[in-house]
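The values are calculated or read from the model by the stated rules, or taken from the named source; none is laboratory data. Please read these numbers as outputs of a predicted model, since none were measured by experiment. Note that we place each Cβ from the backbone using ideal geometry, even for glycine, and neighbour counts take in every protein chain shown. These accessible areas exclude ligands, DNA and RNA; they are computed on the full protein's heavy atoms, side chains included. Shrake-Rupley method; radii C 1.70, N 1.55, O 1.52, S 1.80 Å.
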Amino acid sequence: MDRKRKLTCDPFKVKKPKEENLHSGVNVYPSPYPDFTENLQEGLSYLWALFPRKLFNDSLPPMFLRHQLYSLSRDRTAVDRLLNTLQQKGELCLVQPGFDPDTFLVVRKEDFLGATVRSIEGSSGAPVVRRFLDSSLFTPSQISYNREEMMERHRFSDAEITQLVRAGVLTVRDAGSWWLSIPGTGKFSKHFIKGRKALVSQISRSRYKEVLLTDLSTRKPPPAVRLGMEYHIHDIIGAGLVDCVPTPTGTLLRMSDT
């Protein structure tokens with residue numbers, strides 16, 4: 001049990017970056033990736049476009065991890081503010097991938113609904129899922145649900161909640177509460193975990209546990225990096241697993257000590 005927890009939890013905790021490791025905003029070191037600090041809306045589209053839909057036969061919609069957007073901006077507060085605003089407007093959903101309670105996937109509401117409806121076509125749980133999506137219980141601003149609101153206020157039975165979990169629309173948070181999820185997320189999580197471990201291992205084996213961002217981004221991805229090298233680079237930067245160090249030859253990614 002302890003070994004499993006080490007493999008799946010500790011390496012996947014998003015760390016708060018040190019101030020000195022945030023982008024300085026001074027363009028003295030080139031990066032192969034754009035800075036979307038002044039236009040975070042474009043940053044959303046940029047990350048959604050990186051999602052390898054073909055890997056999942058288009059069964060999953062474009063989505064990225066919330067912290068990946070931090071890698072494209074010098075202002076983390078602005079990132080959180082934008083995502084919260086778009087949630088409140090009903091334009092996007094935050095769904096739980098299942099491997100860390102503080103990590104969420106960002107997906108457009110319309111894409112979430114489309115993928116969910118397609119996944120339940122012809123299934124016995126389809127009526128319950130449609131009822132959940134059509135009810136006032138489902139709203140993009142809500143990321144979790146408890147037993148009281150589901151059973152007492154919205155009249156979902158234990159059996160129906162179980163159907164929602166089996167359909168992948170909900171995932172267990174703890175006893176009596178559930179996260180909003182999306183059908184098929186388990187496949188994504190499997191590739192994500194393997195890919196992150198492979199990339200972190202590659203950097204850790206480098207001299208001084210550091211590598212130039214431009215060099216890393218042009219390398220042939222390890223076999224386990226199925227989601228794409230760029231997708232995972234934004235992940236490890238945004239999660240604070242590596243420090244971004246400016247040098248005369250480019251941004252250096254160095255394994256974080258914390």
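What you get for the chain, charging only the Cβ of Lys and Arg (+1) and of Asp and Glu (-1), is a dipole of about 940 debye around the Cα centre.
Calculated FRET efficiency, S256 to T37, Cβ-Cβ distance, R0 = 22 Å: about 0.50 to the nearest 0.05.
Which of the three applies to the chain, rounded, prolate or oblate, going by the alpha-carbon gyration tensor with a ≥ b ≥ c and a/c under 1.5 meaning rounded? Because a/c hits 1.5 or more and a/b exceeds b/c, the chain counts as prolate.
Per residue, the chain exposes 51 Å² of accessible surface when a 1.4 Å probe is rolled over the protein heavy atoms with every protein chain present. Charge dipole (Cα centre; +1 on Lys/Arg Cβ, -1 on Asp/Glu Cβ; no other charges) of segment 81-187 amounts to roughly 220 debye. In this calculation the C-beta distance from T218 to S157 is compared with R0 = 51 Å, giving a FRET efficiency of 0.40. The angle between the Cα long axis of helix 185-204 and the longest principal axis of the Cα atoms of the chain comes to about 20 degrees, rounded to the nearest 10. Placing unit charges on the Cβ atoms of the charged side chains and taking the dipole of the chain about its Cα centre, the candidate lying farthest along the positive direction among F36, L65, P222 is P222. When a/c reaches 1.5 or more, the comparison of a/b and b/c decides; with that in mind, is segment 175-258 rounded, prolate or oblate per its Cα gyration tensor? Prolate shape, in that a/c is at least 1.5 and a/b is the bigger ratio. Between helix 229-238 and the chain there is an angle of about 90 degrees, using the helix long axis and the longest principal axis of the Cα atoms.
Segment D174..V245, full-extension length gain: 21.6 nm, with 0.36 nm per residue of separation and the alpha-carbon distance subtracted. Taking Cα atoms, how many degrees apart are the long axis of helix 40-50 and the longest axis of the chain, rounded to 10 and kept between 0 and 90? Between the helix axis and the principal axis of the chain, the angle is about 80 degrees. Dipole of segment 99-220 computed with +1 at Lys/Arg Cβ and -1 at Asp/Glu Cβ about the Cα centre; of S201, G122, F132, farthest Cα towards the positive end is S201.
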